[in-house]
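> Take this structure, written in structure tokens, and hold onto it; I'll ask about it next.
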Amino acid sequence: MKVQFLGVGDQFSAHDQYHSNMVITAGSGAKILVDCGSDVKYSLMESKIKPTDIDAVYISHLHADHIGGLEWLALSTYFGRENKRLKLFCEEKLQSNLWNNSLKGGLECIGIKCMELSDYFDCYPLAEGGSFDWQGIHFELVKMPHVMGGGCNMYSYGLLVATADKEKSLFLSTDTQFQPGLIESIAERTSLIFHDCETSAVKSTVHSHYEQLLTLPETVKNKMWLYHYQRDSKYCPHQDGFLGFVLKGQEYTITDIP
């Protein structure tokens with residue numbers, strides 16, 4: 001199993017960082033895209049991955065830096081290969097909203113046919129807190145609070161990713177507010193954590209800020225790589241006990257996990 005970060009930035013990042021989307025490659029060579037932001041056509045190209053190389057996609061939540069490239073990906077694979085739809089994994093309510101609120105306007109009409117999400121993807125709606133297995137890898141959804149309040153709560157579904165025998169595992173937070181108790185409990189279950197990390201001077205409250213993550217126990221920080229950060233950060237993660245900032249294009253293999 002290999003995890004490659006197509007990008008490590010936030011909604012506003014340019015080509016030097018790209019959006020924080022990832023590709024997980026199974027031992028078979030099959031690839032699952034974790035989130036599909038607006039700039040994914042460029043980040044995939046830079047990583048020398050064609051849309052038709054992708055076998056599945058997982059969506060954590062509905063912000064454009066995580067789903068803005070899905071229309072392009074759906075059309076590219078629909079017209080680019082016959083009789084082989086991408087597998088689509090996401091939480092069941094999220095999957096319904098993904099089509100009705102985000103994709104339907106651009107994908108519903110193709111020629112004389114009225115299309116559905118299932119015309120582009122083999123859909124696998126997942127229960128909240130559920131799990132799925134793909135190509136010998138086990139994925140477990142973790143509900144993370146992202147944008148909360150005002151009667152409109154948005155959760156992002158992070159992933160615990162493990163080998164089939166559960167011997168090696170890692171955690172991808174996706175986008176989340178600071179959840180120290182949850183992260184500490186996850187750290188007891190896994191050896192490697194990739195956590196989103198805001199580094200801007202103005203704290204947005206919808207992401208975990210570096211200064212909040214800094215308060216975690218050393219045993220947790222020692223397992224943690226940081227991504228989804230802003231360019232030209234003043235922080236020095238290695239000095240503060242973290243593993244570091246993930247770089248665009250950086251890869252991690254199963255052998256990197258203790």
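> Can you find, among Gly151, Ile24, Phe171, the residue sitting farthest towards the positive end of the charge dipole of the range 2-256, where Lys and Arg contribute +1 and Asp and Glu -1 at Cβ?
Final value for the positive-end residue is Ile24.
> How big is the C-alpha Rg of the range 2-256 next to the rule-of-thumb value 2.2 N^0.38 Å, as a ratio?
Details: Rg = 17.6 Å, N = 255, 2.2 N^0.38 = 18.1 Å.
My calculation over the Cα atoms of the range 2-256 gives 0.97.
> Determine ³J(HN,Hα), in whole Hz, for all residues of the range 64-77 in sequence, where each value follows from phi through the Karplus function 6.51 cos²θ - 1.76 cosθ + 1.60 and θ = phi - 60°; x replaces Gly and Pro.
Going residue by residue, I get 5, 6, 10, 9, x, x, 5, 4, 4, 5, 4, 5, 5, 7 Hz, with x marking Gly and Pro.
> As a test of the formula, what do you get for the chain when each DSSP H run with n ≥ 4 contributes -39,500 (n - 2.57) and the sum is divided by the residue count, at 222 nm and rounded to the nearest 500 deg cm²/dmol?
The helix contribution divided over the chain gives -4500 deg cm²/dmol.
> Ok, one more. What net charge do the residues around Asp256 carry, taking every other residue with its C-beta under 11 Å from that of Asp256, with Lys and Arg at +1 and Asp and Glu at -1?
+1
> Let me ask another. By the scheme Lys and Arg +1, Asp and Glu -1, what is the net charge of all other residues having a beta-carbon under 13 Å from that of Leu243?
Once positives and negatives cancel, what remains is -1.
> OK, next. Report, for the range 2-256, the % of DSSP beta bridges that are antiparallel, rounded to 5.
Of those bridges, close to 55 percent are antiparallel.
> Excluding residues fewer than 8 places away in the same chain, name every one of the lysines whose C-alpha is closer than 17 Å to that of Lys234.
Answer for Lys234, where 17 Å is the Cα cut-off: Lys203, listed by chain and number.
> Whole angstrom only: what separates the Cα centroid of the range 154-214 from the Cα centroid of the range 19-35?
Rounded to whole Å, the Cα centres lie 18 Å apart.
> Of the residues Gly105, Gly244, Gly150, which exhibits the maximal mean-square fluctuation in a Gaussian network model of the chain defined by a 10 Å Cα contact cut-off?
Result for the chain, Cα springs under 10 Å: Gly150 fluctuates most.
> Need the list of lysines near Lys166 for cross-linking: C-alpha distance under 24 angstrom, and skip anything on the same chain fewer than eight residues off.
In chain and number order, the partners are Lys2, Lys31, Lys87, Lys143, Lys221, Lys223.
> Can you tell me the relative contact order of the chain? Whole percent, Cα pairs under 8 Å, sequence separation 6 or more. Working shown, then result.
Details: 541 pairs, mean separation 45.1, N = 258.
Relative CO of the chain lands at 17 percent.
> Any idea what the dipole of the chain comes to, in debye rounded to 20, about its Cα centre with Lys/Arg Cβ at +1 and Asp/Glu Cβ at -1?
Using Cβ point charges on Lys, Arg, Asp and Glu, the chain gives about 340 debye.
> Treat every Asp and Glu Cβ in the range 162-215 as -1 and every Lys and Arg Cβ as +1, leave all other atoms uncharged, and give the resulting dipole magnitude about the Cα centre to the nearest 20 debye.
Dipole size: approximately 40 debye.
FYI, it's all coordinate maths here, none of it is from the lab. None of these values were measured; they are calculated from a predicted model. When we count neighbours, we look across all protein chains shown, and the Cβ atoms used for this are built from the backbone with ideal geometry, even at glycine.
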